[in-house]
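The values are calculated or read from the model by the stated rules, or taken from the named source; none is laboratory data. Computed from a predicted structure; not experimentally measured. In this analysis, Cβ positions are derived from the backbone assuming ideal geometry, glycine residues included, and neighbour counts consider all displayed protein chains.
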Ligand SMILES: Cc1ncc(COP(=O)(O)O)c(C=O)c1O
């Protein structure tokens with residue numbers, strides 16, 4: 001029997017697939033399960049996004065292979081969104097690449113940066129794809145514990161010098177999944193400095209940028225002056241616009257990293273169906289008030305979106 005490669009045999013089952021399996025098992029046994037597992041909004045995507053997609057699907061010009069790095073119009077919309085939301089300026093042609101959901105880029109970035117045996121600094125607990133992408137590139141995840149006494153921030157001073165020397169990437173994620181911790185620019189400044197001192201690409205997963213309460217506005221790591229020299233940020237309409245199923249995401253920031261990930265992607269996938277890119281543009285260009293209105297606490301029960 002021909003066996004798959006060891007890297008696949010050694011790969012743990014994807015955590016959320018396993019959670020889904022156990023939920024299905026419990027449901028089949030008659031339990032009423034409330035899932036606190038994957039972050040998958042159970043509210044619909046915005047109506048104007050659905051309409052933009054419907055119109056675009058009907059147009060034959062969108063039926064062909066899409067632009068590898070993302071439609072220039074989508075990349076421009078992402079840059080506009082960053083400027084409006086974070087006051088961060090991005091060059092849409094060199095500092096933005098669209099992804100088939102941010103998960104895809106998180107999984108593929110190590111292909112561009114990690115050689116066999118290289119270390120990747122990964123928060124523990126954390127989104128499983130940081131480690132899985134590392135393993136797929138034959139790298140080695142080095143776990144950074146997130147502890148309550150450190151406000152669920154990794155202790156950068158506790159990372160041994162030889163580990164920092166062998167590391168190529170460091171993953172951070174605030175607002176944090178699963179701890180729910182948030183942090184201002186203070187930690188981001190420290191991690192950018194850490195990346196600069198040790199030649200490590202800082203990767204900020206900002207998937208939950210707009211899932212916050214009580215008026216809290218999460219920052220972008222790219223607000224740190226000079227961050228683009230050593231950092232990239234992943235963003236996703238999935239949670240912000242209830243669009244998990246549409247599979248659109250983006251990585252922005254350091255142009256070398258954008259080019260490197262783009263080069264991997266041009267060889268692996270052929271971009272996002274253009275109608276979905278147009279839908280993502282409708283989300284990003286939509287009235288930002290939609291985001292506040294979407295929060296169930298500010299919407300009387302039963303109010304249609
Ligand atoms: C922390 C974190 N990052 C990234 C993602 C991926 O989101 P998507 O691929 O839908 O953009 C998720 C999804 O659950 C997540 O929890």
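Out of everything in the stretch 220-240 that is within 16 Å of the ligand (Cβ to nearest atom) and closer than 12 Å to residue 184 by Cα, what residue ends up being surrounded by the fewest Cβ atoms within 10 Å (Cβ to Cβ)? Checked the stretch 220-240; the qualifying residue surrounded by the fewest Cβ atoms within 10 Å (Cβ to Cβ) is 220. Among the residues of the stretch 205-215, is there at least one that is modelled with pLDDT of 95 or more, buried (at least 20 other Cβ atoms within 10 Å of the Cβ) and more than 16 Å from the ligand (Cβ to nearest atom)? Within the stretch 205-215 (the criterion being modelled with pLDDT of 95 or more, buried (at least 20 other Cβ atoms within 10 Å of the Cβ) and more than 16 Å from the ligand (Cβ to nearest atom)), the answer is no, since none of the residues qualifies. The sole residue among 91, 55, 42 that is over 15 Å from residue 250 (Cβ atoms) and part of a loop (DSSP other than H, G, I, E, B) is 42.
Condition first: touching a strand residue (DSSP E or B) at 6+ places or on another chain (Cβ under 7 Å) and crowded, with 17+ Cβ neighbours inside 10 Å. Now tell me which residues in the stretch 108-123 satisfy that. Steps first, please.
Residues of the stretch 108-123 touching a strand residue (DSSP E or B) at 6+ places or on another chain (Cβ under 7 Å): 109-110, 113-114, 117-123.
Across the stretch 108-123, the qualifying residues are 109, 110, 113, 114, 118, 119, 120, 121, 122, 123.
Residues that are modelled with pLDDT under 95, in contact with a helix residue (DSSP H, G or I) (Cβ under 7 Å, 6 or more places away or on another chain) and surrounded by fewer than 22 Cβ atoms within 10 Å (Cβ to Cβ): does the stretch 179-186 have at least one? Yes, the stretch 179-186 contains at least one residue that is modelled with pLDDT under 95, in contact with a helix residue (DSSP H, G or I) (Cβ under 7 Å, 6 or more places away or on another chain) and surrounded by fewer than 22 Cβ atoms within 10 Å (Cβ to Cβ).
Conditions tested, residue by residue: (1) assigned to a loop (DSSP other than H, G, I, E, B); (2) under 26 Å from residue 112 (Cα atoms); (3) within 16 Å of the ligand (Cβ to nearest atom).
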site	(1), (2), (3)
154	yes, yes, yes
157	no, no, no
163	no, yes, no
176	yes, yes, yes
183	yes, no, yes
195	no, yes, no
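Looking across 133, 105, 126, one residue alone is within 13 Å of the ligand (Cβ to nearest atom), in contact with a strand residue (DSSP E or B) (Cβ under 9 Å, 6 or more places away or on another chain) and assigned to a loop (DSSP other than H, G, I, E, B). It is 126. There is no residue in the stretch 283-300 that is within 16 Å of the ligand (Cβ to nearest atom) and touching a strand residue (DSSP E or B) at 6+ places or on another chain (Cβ under 9 Å). Pairs meeting the criteria (first residue in the stretch 21-39 and within 23 Å of residue 208 (Cβ to Cβ), second residue modelled with pLDDT of 80 or more, beta carbons under 6 Å, at least 6 apart or on different chains) are 23/33; 35/23; 37/19; 39/239.
Quick check on residue 246: is it out of contact with any strand residue (DSSP E or B) (no Cβ under 7 Å at 6 or more places or on another chain), within 21 Å of residue 39 (Cα to Cα) and away from the ligand (no atom under 16 Å from the Cβ)? No, not satisfied. Going by the conditions given, is residue 74 in a helix (DSSP H, G or I) and either within 16 Å of the ligand (Cβ to nearest atom) or modelled with pLDDT of 95 or more (or both)? Yes.
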